[in-house]
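Presented below is the structure to which this report refers.
The values are calculated or read from the model by the stated rules, or taken from the named source; none is laboratory data. On a predicted model such as this, the values are computed, not experimentally measured, just so you know. For neighbour counting, all protein chains shown are included, and Cβ atoms are generated from backbone atoms with ideal geometry for every residue, glycine included. The accessibility values were calculated without ligands, DNA or RNA, using every heavy atom of the protein model including side chains. Shrake-Rupley method; radii C 1.70, N 1.55, O 1.52, S 1.80 Å.
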Number of protein chains: 4
Amino acid sequence: MTLQTNSAERVRTSFDKQGMLRAIGATLTDVQPGSVTIELQPGPANRQQHGYVHAGAVSAIADTAAGYAAQTLMPEGRTVLTTEFKINLLAPAVGDRLVATGEVIKAGRTLTVAQAKVYALSGENRRLVALLSATLIAVDHVED
Amino acid sequence: MTLQTNSAERVRTSFDKQGMLRAIGATLTDVQPGSVTIELQPGPANRQQHGYVHAGAVSAIADTAAGYAAQTLMPEGRTVLTTEFKINLLAPAVGDRLVATGEVIKAGRTLTVAQAKVYALSGENRRLVALLSATLIAVDHVED
Amino acid sequence: MTLQTNSAERVRTSFDKQGMLRAIGATLTDVQPGSVTIELQPGPANRQQHGYVHAGAVSAIADTAAGYAAQTLMPEGRTVLTTEFKINLLAPAVGDRLVATGEVIKAGRTLTVAQAKVYALSGENRRLVALLSATLIAVDHVED
Amino acid sequence: MTLQTNSAERVRTSFDKQGMLRAIGATLTDVQPGSVTIELQPGPANRQQHGYVHAGAVSAIADTAAGYAAQTLMPEGRTVLTTEFKINLLAPAVGDRLVATGEVIKAGRTLTVAQAKVYALSGENRRLVALLSATLIAVDHVED
């Protein structure tokens, strides 16, 4: 089993323990070295008062995609925690589903910076609805 | 009925329609002109893989508190949407409960800037776990 | 004369009035619709205490590149002001010169979101040293 | 000589080496443990094209005030670098002078989060023009 497979395995195992992401209906759809994709089905558990997907849910999938993208580049025994993120909400998050892809911009021993883009898909259309940048700090792996 | 009561009423009515906040276990505990407080009970529906409250849940209550703080200062028929926020996660979000208070920093006709602080309460202790700043844009009220 | 030429002209005329950018040694090197590049020669007027280019100077060229990128897409009589930006400083800003390119991510009637990347060039090497995202608001053009 | 005096001394010595801050006309006016104030006289070397103080100059004094506030709490032999900051520009930066005060929000061994507020003073009036939050990383002191 290669390191990358191990890394993807660790991301999948970790994702399955994320109670909140399950509660809001997110699924992990792709794990590559330095890039992770998470999808969300709009529904009652992730809506705000106007019927759009809540900014908190958009942020949750974007931040998680960015964090796991960073995680894929960590050596064994190391995990990451988000220390900060900023998100620009570009358009109302409505559509058949949301797709958040996180990409590592700069991997470091202590700090990693990653970015995520969230698209809303409606039929054939794809629209960028959010742009996130995050700083992740590497810490010794506890149990996740 | 005064304007402020109206405004608090509108915030409460709107909050009750927020499916996601209900799904993750958030409650609206205080509404003042320019200041709103939301609480969260840590539990399975808001945890991440290490057992802390998920950054997405911390962000959701912080962003919502900031947004409603801005909403309280809006004239009737106007509501707000978050255009961006940044959050610094200062310490793991663990405790008996989380308390997010949003405050308006600068109210404007088009844009309002608000801040939120999230504290984790454990017994007698109170610890600042997150600091958020957000920009809200005023839009014509649809139905919330 | 095309609209785009007009727009590039307006950006160049505006840039020449930027006292601060001149003071720190920045030059405007490229203006395309939705994309603007600004360069900076490291020197005494833009250094911090360790001899690197000051984060404030890196931010100034990144924010300006993002802002002018937004400006190129504005109709005549409208200009933009930065309402917020966030910058991740990825590596010490050292090199022969810094190159900041701003690109529009989402153009809107009221708000535009743009991003800028700053590279440090040293001989043949190019290294990403900063990533910025900004919100710009369109306002009626006074005199710039 | 007390630790605090040492710390204030180190901040003052470091500030004097900041070529850029000198170039744009900034002065260090107060250093307390966890809090630092920097002032700026609006003038040709810090203006943008509309005659306001350039967002880059506002950011430079705000980021520097936040960074030095963090620096005052560092043990000897350790210094800080800004890893990211976000600034909300709340009003045009015009006035007799700008006053930026940085305050530590959470001091840590590796990361410190600080905030800065920038006020514009005009005669008797004081107006909040910018709000910044920053993450600083502690590194071994080279020579500053």
### Message
Quick query: amide H of D:K106 versus all other amide H atoms, modeled in the peptide plane; which residues come in under 5 Å with a sequence gap of 5 or more or a different chain?
### Response
D:V113
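Tell me the relative contact order for segment B:1-60 as a rounded percent, counting alpha carbon contacts under 8 Å between residues six or more apart. Before the final figure, lay out the partial values.
Details: 50 pairs, mean separation 14.1, N = 60.
Once divided by the residue count of segment B:1-60, the mean separation gives 24 percent.
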### Per-residue ³J(HN,Hα) for segment B:81-86, Karplus 6.51 cos²θ - 1.76 cosθ + 1.60, θ = phi - 60°, Hz, x for Gly and Pro
10, 6, 9, 6, 8, 10
### Task
With everything on Cα atoms, drop me the angle between helix A:3-16 and the longest principal axis of chain A, reported from 0 to 90° to the nearest 10.
50
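Tell me the carbon and sulfur percent of the accessible area for segment D:79-130, rounded to whole percent, probe radius 1.4 Å. List each step's numbers first, then the result.
Working: 930 of 2110 Å².
Roughly 44 percent, rounded to a whole number.
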### Other-chain or far-sequence residues with amide H under 5 Å of C:H54's (modelled H)
C:R47, C:Q48
### Amide H within-cut-off set for A:A130, under 5 Å, with H built and near neighbours excluded
A:L90, A:V118
### Task
Grab the residue from chain B whose Cβ hugs the B-to-A rotation axis most tightly, plus its distance in whole angstrom.
B:K86, 2
### Query
Which whole number gives the average, over all residues in B:40-51, of C-beta atoms from other chains lying within 10 Å of the residue C-beta?
6
### Message
As an exercise, use a Förster radius of 35 Å and the Cβ-Cβ distance of B:T13 and C:S35 to find the FRET efficiency, rounded to the nearest 0.05.
### Response
0.20
### Message
With angles folded into 0 to 90 degrees, how steeply does helix C:55-71 sit against the dominant principal axis of chain C? Use alpha carbons for both and round to 10.
### Response
20
### Query
Any idea how far apart D:T110 and B:E124 come out in nm if each label point goes 7 Å out from Cα toward Cβ?
3.2
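Reported to two decimal places, what Rg/Rh ratio describes segment B:14-144 when computed on Cα atoms with Rh from the Kirkwood expression?
Values: Rg = 14.2 Å, Rh = 14.6 Å.
Across segment B:14-144, the Cα-based Rg/Rh ratio is 0.97.
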### Summary
Of the residues B:T27, B:A100, B:L136, the Cα lying farthest along the dipole of chain B towards its positive end, which is defined by charges on the beta carbon of Lys, Arg, Asp and Glu, belongs to B:A100
### Message
What does the copy distance list look like for D:R126, label position 7 Å along Cα→Cβ, in nm and ordered from shortest?
### Response
2.4, 4.7, 5.2
### Query
How far apart are the C:Q32 label points across copies, placing each 7 Å from Cα toward Cβ, in nm, shortest first?
2.3, 5.1, 5.2
### Pairwise label distance in nanometres, D:R78 with D:R22, each label 7 Å out on the Cα-Cβ vector
3.0
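Given 4 °C and 1.567 mPa s, compute D for the protein assembly as shown with the Stokes-Einstein relation, Rh being the Kirkwood radius over Cα pairs; round to the nearest whole µm²/s.
Numbers: Rh = 23.9 Å.
So the translational diffusion coefficient is about 54 µm²/s.
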### Task
Please give the net charge around A:P42, taking every other residue with its beta carbon less than 14 angstrom from that of A:P42, where Lys and Arg add +1 and Asp and Glu add -1.
+1
### Query
Modelled label-to-label distance, D:R97 and B:A91, 7 Å Cα→beta-carbon offset: nm?
3.7
### Message
Below 8 Å, C-alpha to C-alpha, sequence gap of six or more: please give me the relative contact order for chain B in percent.
### Response
24
### Query
What's the local net charge at A:T135, with K and R +1, D and E -1, over the other residues with C-beta under 13 Å away?
+2
### Query
Per residue of C:101-110, what is the mean number of Cβ atoms on other protein chains within 10 angstrom of that residue's Cβ?
2
#### Entry: Helix-only CD estimate at 222 nm, as mean residue ellipticity for chain B, using -39500 (n - 2.57) per DSSP H run (n ≥ 4)
-8000 deg cm²/dmol
### Task
Would you tell me the mean number of C-beta atoms belonging to other protein chains that fall within 10 Å of each C-beta in A:131-140, as a whole number?
4
